[in-house]
1. Do we have LYS177 as of a type in the set (D, E, K, R), closer than 23 Å to ASP113 by Cα and either in contact (Cβ under 8 Å) with a residue 12 or more places away in the chain or not in a loop (DSSP other than H, G, I, E, B) (or both) here?
2. So in the stretch 123-137, with the set limited to residues that are among the acidic types (Asp, Glu) and modelled with pLDDT of 85 or more, which one is farthest from THR198 (Cα to Cα)?
3. In the stretch 1-56, which residues are surrounded by fewer than 12 Cβ atoms within 10 Å (Cβ to Cβ), part of a helix (DSSP H, G or I) and modelled with pLDDT under 85?
Amino acid sequence: MQKALIGILACAGSLWAAGSSREEAEKRLNEASATLSEIMSAPDKGIPQDLLDRAKCAVIVPGVKKGAFIVGASFGKGFVTCRGNNDRGWSAPAAIRMEGGSFGFQIGGSETDVVMLVMNERGADRLMQDKFTVGGEGEVAAGPVGRTASAQTDAKMSAEMLSWSRSRGVFAGIALKGATMRPDREENEAMYGKPLGTKEVIDGHMTPTAAAGRLLSTLGGTSPREKR
């Protein structure tokens, strides 16, 4: 049984490591943009405006999937973008892989959209690492829901990261724990022509693709700090 499980994991890992095409990357960027746009267009159920205005980075992972072959396994591909210094605006998005953790599947459905806001420089620095475990090295709290809501507790105010999930139309804050995030170098290569890590994309002043531009426009359109 153990050998069979190892074999399944090895096969899954091989498929996971397969290279991405530009078309696949653009499709995922469009999905991430649509996910964020739908969440932010719901005044009573969206992410509080003041939190988005203060965020250093945003992570959007559309359609995190629950593995059918291993109980509790989950995985997804998404993007992270961060604000630059000197009002440079949101960076070109870096592709990431998210694995494991509790993504709120208990609210129904086999796929869940995950959105995270990184609220300070320390949290942003953690995202730049080659491997980062949410709730391990960093402090994360369930994000409040409602565009006019605010972080009501000291835990939320001091958290490095705030996280939300949406499944079958239900949007809620979740205390995301145990998920690991890694750079998706294959997808970054499909978008930017080089197998870049997260920090290299975020700090490298890369030119966003057309689909990435739509995602950044969605962030900019909901954040007064980015208006000029």
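1. yes
2. Once the filter is applied, the top-ranked residue is ASP125.
3. Those that are surrounded by fewer than 12 Cβ atoms within 10 Å (Cβ to Cβ), part of a helix (DSSP H, G or I) and modelled with pLDDT under 85: GLN2, LYS3, ALA4, LEU5, ILE6, GLY7, ALA10, CYS11, GLY13, SER14, LEU15.
To keep it simple, each residue is scored yes or no on (1) surrounded by 23 or more Cβ atoms within 10 Å (Cβ to Cβ); (2) modelled with pLDDT of 95 or more.
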| residue | (1), (2) |
| --- | --- |
| SER163 | yes, no |
| GLY173 | no, no |
| LEU176 | yes, no |
| ASP184 | yes, yes |
| ALA190 | no, no |
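The values are calculated or read from the model by the stated rules, or taken from the named source; none is laboratory data. Please read all numbers here as calculations on a predicted model, not as lab measurements. A quick note on method: Cβ atoms are made from the backbone with ideal geometry, for glycine too, and the neighbour counts reach across all protein chains shown.
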